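Peer 1: Please see the structure below; I have some questions.
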Amino acid sequence: TILKLLVSGSEKTRTGVLIPIPQYPLYSAAIAELGAVQLNYFLDEENCWALNVAELRRALAEGRQHCCPRVLCIINPGNPTGQVQSRQCIEDVIKFAFEERLFLMADEVYQDNIYAEGSAFHSFKKVLFEMGPPYSEVVELASFHSVSKGFMGECGFRSGYVEVVNMDPEVKQQLTKLVSVRLCPPVPGQILLDTVVDPPKPGEPSYKLFMEVWDGMGMAIEIGMGMKMSGWVLVQVGLRRMSPCMGWSPLPAVLSAGAVPQAQGQAPDMFFCIQLLEETGICVVPGSGFGQRPGTFHFRWVL
C-alpha cells in the first residue's frame, strides 16, 4: 500500500526502491508487481550483516543513471540475516535519507526477537525524534510492525500496522482511501494486535499469566537458539563460516562454488541444502531465494 503511493513515472523517471540484499522476497515481488525499479544494496556480511552508508551511496548513484530513486527500505532486525542495526547506524541512515530526499520504509516486525547479549532494538521513529530538527520535521517515514511475526502471533494470526510520520496530509488522505478498500478485517488478529500494543499492566487480572507465558516463550526460544548453535558442529561439513547472529534467523555461508561438487546443475547452496536434508533430516533454505552477493552462497534456518 505504501509503495502504491510512491510508484510513478516511466523509464528514467520511474520510481526506484533501494532494498537490502539478502532481502525478504516480498519486496522484490511487490516492486516487480508495481512496475517500480529494484535497486540492490548489499549488507556487510563480514561485519555481522551491518548496513554501510557508503554502499547505500553506491546503489543510489547507480540507480540514478536509469531511474528516479525515491524509497529506501530498511529491514531491522534483519530478515533473513538476523542482524540488529546499531543506533549510530540508524542515525546515519536517517541523515542519508534527509540529504537525498528519500522516503524511509522501516520494516521492524521482528523487534521482539533479539537474543544476543548487548544487542538492543532501536525504532526509527524514536531515533528520528530524538535527533530533533531538521530531521524530525522533514524525513518521511513509514514504520511497520506485525502480530504475524515474533512469537505473539507465531504466523497464525494475521494483523499489523503501519505508522506514517511527516507525510503530506493530502497524500495521507489517499493512503486512508487505499487501506479502506480492504473491507474484510481479520477480527481475531485485530484483537491480538490490541494486546501487542497495549499489553496487560501490573495489577491487572491478566498480567501475571501474560508475563509467565511471555517469559516462558522467550526462554524456550533462547534455549533452542543455544542448542542449535552448540550442536552446529554436527553439520559443519561444507561450511565456510557462520556470521554471528543477534536476532532470530542465522544465514551461514557455504563453501565457494569451486569447492562444492555440482550435482545435476544445482547451485552450491541448493546442493548443500538437499544433501543436508537427505543425510540428516534437517531442512534449511538456499540463500538464492533471498538474493546474495554474486559468487557467494548461503542457507537460512529459523527457530
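Peer 1: Name the residues in region 113-146 that are at pLDDT below 85 and crowded, with 18+ Cβ neighbours inside 10 Å, would you?
Peer 2: Going through region 113-146, the residues at pLDDT below 85 turn out to be 113-119.
Within region 113-146, Asn113, Tyr115 qualify.
Quick grid of which residues meet (1) of a type in the set (Phe, Trp, Tyr); (2) farther than 21 Å from Tyr24 by Cβ; (3) open to solvent by 90 Å² or more (accessible area, probe 1.4 Å):
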{"residue": "Gly160", "(1), (2), (3)": "no, no, no"}
{"residue": "Val164", "(1), (2), (3)": "no, no, no"}
{"residue": "Glu170", "(1), (2), (3)": "no, yes, yes"}
{"residue": "Gln173", "(1), (2), (3)": "no, yes, yes"}
{"residue": "Pro185", "(1), (2), (3)": "no, yes, no"}
{"residue": "Pro188", "(1), (2), (3)": "no, yes, no"}
{"residue": "Leu192", "(1), (2), (3)": "no, yes, no"}
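Peer 1: Would you confirm whether any residue within region 148-157 is surrounded by fewer than 15 Cβ atoms within 10 Å (Cβ to Cβ) and polar (S, T, N, Q)? Break it down stepwise before answering.
Peer 2: Applying the first criterion (surrounded by fewer than 15 Cβ atoms within 10 Å (Cβ to Cβ)) to region 148-157 yields 154-156.
So of that shortlist, the ones also polar (S, T, N, Q) come out as none.
Checked region 148-157: no residue is surrounded by fewer than 15 Cβ atoms within 10 Å (Cβ to Cβ) and polar (S, T, N, Q).
Peer 1: So, of the residues in region 194-215 that are β-branched (Val, Ile, Thr) and open to solvent by 70 Å² or more (accessible area, probe 1.4 Å), which turns out to be nearest to the chain's Cα centre (by Cα)?
Peer 2: First, pick out the residues of region 194-215 that are β-branched (Val, Ile, Thr): 195-197, 213.
From what is left, the residues that are open to solvent by 70 Å² or more (accessible area, probe 1.4 Å) are 197, 213.
On the way: Val197: 20, Val213: 26 Å.
Result: Val197.
Peer 1: Now for a different question. Identify all residues within region 61-88 that are within 19 Å of Ala142 (Cβ to Cβ) and either open to solvent by less than 30 Å² (accessible area, probe 1.4 Å) or in contact (Cβ under 8 Å) with a residue 60 or more places away in the chain (or both); write none if there are none.
Peer 2: At the first step, the residues of region 61-88 found to be within 19 Å of Ala142 (Cβ to Cβ) are 68-79, 85.
Residues satisfying the conditions are Pro69, Arg70, Val71, Leu72, Cys73, Ile74, Ile75, Asn76, Pro77, Gly78, Asn79, Gln85.
Peer 1: Also, quick follow-up: Kindly evaluate Tyr41 against the criterion of being open to solvent by less than 20 Å² (accessible area, probe 1.4 Å) and either among the β-branched types (Val, Ile, Thr) or within 15 Å of the chain's Cα centre (by Cα) (or both). Reasoning before the result, please.
Peer 2: On the way: open to solvent by less than 20 Å² (accessible area, probe 1.4 Å): yes; either among the β-branched types (Val, Ile, Thr) or within 15 Å of the chain's Cα centre (by Cα) (or both): yes.
Here the answer is yes, as Tyr41 does meet what is asked.
Peer 1: Is region 44-53 home to any residue that is open to solvent by 30 Å² or more (accessible area, probe 1.4 Å) and touching a strand residue (DSSP E or B) at 6+ places or on another chain (Cβ under 6 Å)?
Peer 2: Yes, region 44-53 contains a residue that is open to solvent by 30 Å² or more (accessible area, probe 1.4 Å) and touching a strand residue (DSSP E or B) at 6+ places or on another chain (Cβ under 6 Å).
Peer 1: Checking the structure you have, find out if any residue of region 28-37 is closer than 26 Å to Pro133 by Cα, open to solvent by less than 20 Å² (accessible area, probe 1.4 Å) and either touching a residue at least 24 places away in the same chain (Cβ under 8 Å) or part of a loop (DSSP other than H, G, I, E, B) (or both).
Peer 2: So in region 28-37, the residues closer than 26 Å to Pro133 by Cα come out as none.
There is no residue in region 28-37 that is closer than 26 Å to Pro133 by Cα, open to solvent by less than 20 Å² (accessible area, probe 1.4 Å) and either touching a residue at least 24 places away in the same chain (Cβ under 8 Å) or part of a loop (DSSP other than H, G, I, E, B) (or both).
Peer 1: Also, I was wondering about something else. Being within 16 Å of Leu72 (Cα to Cα), assigned by the TED database to the domain that holds Asn76, surrounded by fewer than 19 Cβ atoms within 10 Å (Cβ to Cβ) and touching a Leu at 6+ places or on another chain (Cβ under 8 Å) narrows it down to one residue among Glu100, Glu91; which is it?
Peer 2: Working: Glu91 fails: touching a Leu at 6+ places or on another chain (Cβ under 8 Å).
One residue alone meets the criteria, Glu100.
The values are calculated or read from the model by the stated rules, or taken from the named source; none is laboratory data. Because the structure is predicted, anything quoted here is derived from the model rather than measured. No Cβ is skipped: glycine too gets one built from the backbone with ideal geometry, and neighbour counts run over all protein chains shown. Ligands, DNA and RNA are stripped out before the accessible areas are found, and what is left, the full protein with its side chains, is counted by its heavy atoms. Shrake-Rupley method; radii C 1.70, N 1.55, O 1.52, S 1.80 Å.
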